[in-house]
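Below: one structure, written as structure tokens.
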Amino acid sequence: MRLGATKSEPRSQATNYRSVARALVETARAIDALGEATYGNGLAIIAIHTAIAYTDALTIAHRELKSTDGDHVRAADVLVFALGARAEASHVKRLRRVLAAKSKAAYSGNYYTLDEGRDLLWHVEKYAAWAEEMLGTP
């Protein structure tokens with residue numbers, strides 16, 4: 001497995017990434033609650049960054065390593081490397097799906113509907129619940 005670019009981070013930093021992830025998911029939920037049709041891209045981008053922050057928290061907590069690769073999907077490879085057999089296939093697949101949406105939601109100039117943003121948030125919330133479980137009690 002090729003991990004791509006990574007950076008070493010002290011295990012103690014996992015708590016900071018987890019805190020950021022928690023704040024981002026709450027922000028995404030607040031945007032979702034507004035229900036504004038034009039907020040699809042914003043909701044999607046914040047949801048995607050929630051998944052990235054949770055992934056960084058997990059990989060740092062378990063292997064003192066985080067992905068810095070320009071190809072964001074590589075973070076899923078780092079997750080598998082860091083967690084080994086504990087990396088549940090369904091959550092890795094979910095993460096890959098969410099990360100693959102980053103270019104479309106953020107850089108392509110394509111309009112992302114509120115429903116598309118909500119769909120990503122739903123997947124991210126499932127991933128976040130698993131990540132919280134894997135990280136344990138702070």
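The values are calculated or read from the model by the stated rules, or taken from the named source; none is laboratory data. Note that the coordinates shown come from a computational prediction; the quantities given were computed from them, not determined experimentally. What goes into the accessible areas is simple: the full protein's heavy atoms, side chains included, and nothing from ligands, DNA or RNA. Shrake-Rupley method; radii C 1.70, N 1.55, O 1.52, S 1.80 Å.
What the table shows:
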read-out: Average accessible surface area per residue within the chain, 1.4 Å rolling probe, Å²; value: 50
read-out: Net length gained if the chain between residue 36 and residue 97 were fully extended (0.36 nm per residue, minus Cα distance); value: 19.6 nm
read-out: Computed helical MRE - 222 nm, the chain, DSSP H runs ≥ 4 contributing -39500 (n - 2.57), nearest 500; value: -22500 deg cm²/dmol
read-out: Candidate aspartates and glutamates for bridging to residue 7, where Cα separation is under 12 Å - those fewer than 8 sequence places away on the same chain excluded; value: 56, 64, 69
read-out: The chain: C-alpha gyration tensor shape, a/c 1.5 cut-off, then a/b vs b/c; value: prolate
read-out: Mean separation of Cα contacts under 8 Å (6+ apart) over length of the chain, as relative contact order %; value: 34
read-out: Carbon + sulfur, % of accessible area of the chain - ligands and nucleic acids excluded, 1.4 Å; value: 53
read-out: Under 5 Å, built H, 5+ apart or other chain: amide partners of residue 65; value: 9, 60
